[in-house]
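Engineer: This is the structure I want to talk about, given as structure tokens.
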Amino acid sequence: MSQADPTLEGHATSLTVGPAFSIPTKKLAMWLFIIADTMTFAACLVAYGFLRNGSADWPRPFHSITNVALMTFILLTSSLTMLIGLRAARAGDKAAAFRWTMITAAAGILFALLHVREWLGLIAEGMTLFKNPWGTGLFGASFFSITGLHLTHVTGGIIALVVVGVRYKGGRYNADDIEVLGLYWHFVDLVWMFVVPLVYLLNLAH
Amino acid sequence: MTTAEEHKSNGIGKDLAIYICLLVLAGLQFVIAYQNIGASQMFRRMLAVACVEAGLAALFFMHLWTEKRGFLLFVAIFTIAVLLGMQYGWTDSTRMVVGAPFSK
């Protein structure tokens, strides 16, 4: 078949016109990843709810909301700093965009440290993947799985923030890359909005 | 209006307003946690607040609101359909506790 075939040229062109939904390919790829990841987290949370609903002696080990409240505040604030960084990148202010991206990464590190501190506290109280002093051993497995998956996402996000921030500053990446990374970071924040009530607040010791 | 144009035309005010809304809603979840209500009612209230939070974050922080309507519909319909599909297990979860009706 000749590429110059006039009967096929129009058809071929119509198949390759623009990216789907008229949004950049990188952004579409990130959205597809986010949708897939939503399913992963949703499956974990539904499974968690299944186990909680099906266990008569579900533990309520959390005595204080201070730590989780602080973690929530930090993660929400990091979403705002990410937006400010993106706004600076769109305005062409490279120094400010880099600075705010690094501030976002620092907030992520703080969140991760608080998370690890909380894990260590629970482990010190005798909680493992398979047993705990308060009730069914399923709690440890589901708690560490869900919060661990989220912490993995945060850690990956921190690394990506540093890499993309540095490469943006060096001129290898542009504002679109900051925006795509921002989508991921906001998604991590969005997931936390469901993890907090289901995993923490419903298990407060009253 | 594209996302980039939207960024240029709006100040940080809208982002800040959404951020404060999200903080308030997150605070509301903590208030609900200390209400003297049943676990199922608490779960429903917290989930409703979380859905509103997620909607705000997706629409405004993730700029879904300024994307093409077709894309917004694609994300919403696809996500909601799969999330609803995951709810089939609840009846079996209850059966694990009460052992009825299928295990008897």
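The values are calculated or read from the model by the stated rules, or taken from the named source; none is laboratory data. From a predicted model like this one, the values you see are computed outputs, not experimental measurements. Virtual Cβ from ideal backbone geometry, glycine too; neighbours counted across all protein chains shown.
Engineer: Any residue in the range B:26-52 that is within 14 Å of A:Trp192 (Cα to Cα) and not assigned by TED's automatic domain parsing to the domain that holds B:Leu84 sitting within a Cβ distance under 9 Å of a residue that is of a type in the set (Gly, Ala, Ser) and surrounded by 14 or more Cβ atoms within 10 Å (Cβ to Cβ)? List the pairs, counting only those 6 or more apart or interchain.
Structural biologist: B:Ala26/A:Ala69; B:Gly27/A:Ala69; B:Gln29/B:Ala50; B:Phe30/A:Ala69; B:Met46/B:Ala33; B:Val49/B:Ala26
Engineer: For a quick check of your reading: which helices (runs of 4 or more DSSP H) sit entirely within the range A:89-206 and have at least 3 residues that are among the hydroxyl-bearing types (Ser, Thr, Tyr)?
Structural biologist: By residue number, A:138-169.
Quick grid of which residues meet (1) more than 7 Å from every other protein chain (Cβ to nearest Cβ); (2) crowded, with 18+ Cβ neighbours inside 10 Å:
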site	(1), (2)
A:Ile34	yes, yes
A:Ala43	no, no
A:Gly49	yes, yes
A:Gly54	no, yes
A:Arg60	yes, no
A:Thr72	no, yes
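Engineer: Of the conditions (1) more than 22 Å from the chain's Cα centre (by Cα); (2) within 12 Å of another protein chain (Cβ to nearest Cβ), A:Asp93 satisfies every one except a single condition; which number is it?
Structural biologist: Checking A:Asp93 against (1) more than 22 Å from the chain's Cα centre (by Cα); (2) within 12 Å of another protein chain (Cβ to nearest Cβ), the one that fails is (2).
Engineer: So which residues in the range A:54-93 are under 17 Å from A:Val199 (Cα atoms) and charged (D, E, K, R), if there are any at all?
Structural biologist: A:Asp57, A:Arg60
Engineer: Anything in the range A:52-64 that is hydrophobic (A, V, I, L, M, F, W, C) and either modelled with pLDDT of 85 or more or touching a Pro at 6+ places or on another chain (Cβ under 7 Å) (or both)? List them, or say none.
Structural biologist: A:Trp58, A:Phe62, listed by residue number.
Conditions (1) surrounded by fewer than 17 Cβ atoms within 10 Å (Cβ to Cβ); (2) in contact with a Pro (Cβ under 9 Å, 6 or more places away or on another chain); (3) within 14 Å of chain B (Cβ to nearest Cβ); (4) of a type in the set (Lys, Arg), marked per residue:
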position	(1), (2), (3), (4)
A:Gly126	yes, yes, no, no
A:Lys131	yes, no, no, yes
A:Gly156	yes, no, no, no
A:Gly170	yes, no, no, no
A:Ala175	no, no, yes, no
